[in-house]
1. Could you grab the pairs with beta carbons closer than 6 Å, sequence gap of 6+ or different chains, first residue in the range 4-30 and polar (S, T, N, Q), second one open to solvent by 60 Å² or more (accessible area, probe 1.4 Å) and in a helix (DSSP H, G or I)?
2. Among the candidates Gly44, Gly80, Gly71, which residue alone is on the phi > 0 side of the Ramachandran plot and open to solvent by 60 Å² or more (accessible area, probe 1.4 Å)?
Amino acid sequence: MENKVAVLAIIVEDMNSVEELNAVLHDYSSYIIGRMGIPYRCRGINVISVAFDAPHDIISAVAGKIGRLKGVCAKTAYAGMPEAE
């Protein structure tokens with residue numbers, strides 16, 4: 001399966017989920033190009049972006065696992081996706 005480049009945008013509102021989030025990212029670390037986290041203290045949230053180079057099903061699996069964590073939202077943007085006609 002062909003690899004895709006994607007960015008996973010993550011918003012963490014429940015800090016109790018951070019340990020589980022980091023465990024998921026660690027499990028897929030071989031696919032991660034880079035990661036940037038921004039603590040937004042005045043809102044009490046963390047904004048994280050993770051860049052991947054992986055098969056589509058791996059990226060979807062990571063996004064799904066992270067999106068199911070309590071107080072965590074995850075959305076994915078893919079590079080090179082065909083435009084809608």
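The values are calculated or read from the model by the stated rules, or taken from the named source; none is laboratory data. Values in this document were obtained by computation on a predicted structure and should not be read as measured data. A quick note on method: Cβ atoms are made from the backbone with ideal geometry, for glycine too, and the neighbour counts reach across all protein chains shown. The area values use the complete protein model at the heavy-atom level, side chains included, leaving out ligands, DNA and RNA. Shrake-Rupley method; radii C 1.70, N 1.55, O 1.52, S 1.80 Å.
1. none
2. Within the list Gly44, Gly80, Gly71, the selection yields Gly80.
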